[in-house]
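Trainee: What follows is a structure written as structure tokens; I'll ask about it next.
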Amino acid sequence: MNGLRGPRRTASPVRLTLNRALGADIDGAWWPHTGSMARELPELIEALHSTLGEIVDISINWSATSGAPMLNTHSSAALAKMRWNDSRQRIMVVVGRNGCARLLVIPHMTAPALGLMVLRRAADMPIPVSEHENAEYLAADRVVRAAQSQSATQSAQTPLHEVAETPQS
């Protein structure tokens, strides 16, 4: 089971949501508790194991030197003014033997109400209509739509497989 021996007990549960049906441009979201995602990765892998099977690959669309996007505002209008929709969303693709999930990675310092709304919105969980006009929903919707658009573009540009060139004799 991915080299893990026995269940891991963490002080903080993994903040992860997944859509019931995988295969969308964004299948859910992961909200790490700290800026050290590497420390939290074993718990994420364990949480995804039952859905995806043994994890065989994880890819990310950012570098170690790129700054994390700020997602502390509660205002969708402020996000638009900051050109959030044009900024690069952090997307992690986790591939298991039984499936694949594209996760929007929420910055760890995101305000709690907004982080929870992004988790729900990214996994296409039901959100009461009465909440559709609040600032958290509007901001979460903008972020998730931007991630979906970015993910769809990346998927279209990713080759299904690369053919290695063989040297000619």
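Trainee: Pulled fully out, how much extra length does the chain show between S50 and N98, if you take 0.36 nm times their separation in residues and subtract their Cα-Cα distance?
Mentor: Between S50 and N98, full extension yields an extra 16.3 nm.
Trainee: What is the distance, in nm, between label points placed 7 Å from the Cα along the Cα-to-Cβ direction at A152 and at A111?
Mentor: Each label point is offset 7 Å from its Cα along the Cβ direction, giving 2.9 nm.
Trainee: Also: Lys/Arg Cβ at +1, Asp/Glu Cβ at -1, dipole of the stretch 88-139 taken about the Cα centre: which of V118, P128, H108 is farthest positive-ward?
Mentor: Of the listed residues, the answer is H108.
Trainee: Something else now. Would you mind pulling out the separation of the Cα centroids of the stretch 41-70 and the stretch 125-157, in Å?
Mentor: If we compute the Cα centre of each part, the gap is 20 Å.
Trainee: Please compute the modelled spin-label separation between M125 and A21, points set 7 Å along Cα→Cβ, answer in nm with one decimal.
Mentor: 2.0
Trainee: A further question on this structure: Grab the Cα-Cα distance for T34 and R88, subtract it from 0.36 nm times how many residues apart they are, and report the gain in nm with one decimal.
Mentor: Going from the current span to full extension adds 17.4 nm.
Trainee: Once you put a point 7 Å from the Cα of H132 and another 7 Å from the Cα of S59, both along the Cβ direction, what distance in nm separates them?
Mentor: 3.5
Trainee: Here is a further query. To make sure I understand, if each residue's beta carbon is the centre and we count other beta carbons within 10 Å, what order do R120, R142, R39 fall in, fewest to most?
Mentor: Exposure proxy ranking, most exposed first: R39, R142, R120.
Trainee: Report the net charge of residues surrounding M117, where surrounding means a beta-carbon distance below 9 angstrom and charges are Lys +1, Arg +1, Asp -1, Glu -1.
Mentor: -1
Read the figures in this text as sums done on the coordinates, not as results from a lab. Every value quoted in this text rests on a predicted model; they were computed, and no experiment measured them. Methodologically, a virtual Cβ is constructed for each residue, glycine included, from the backbone with ideal geometry; neighbour enumeration extends over all protein chains shown.
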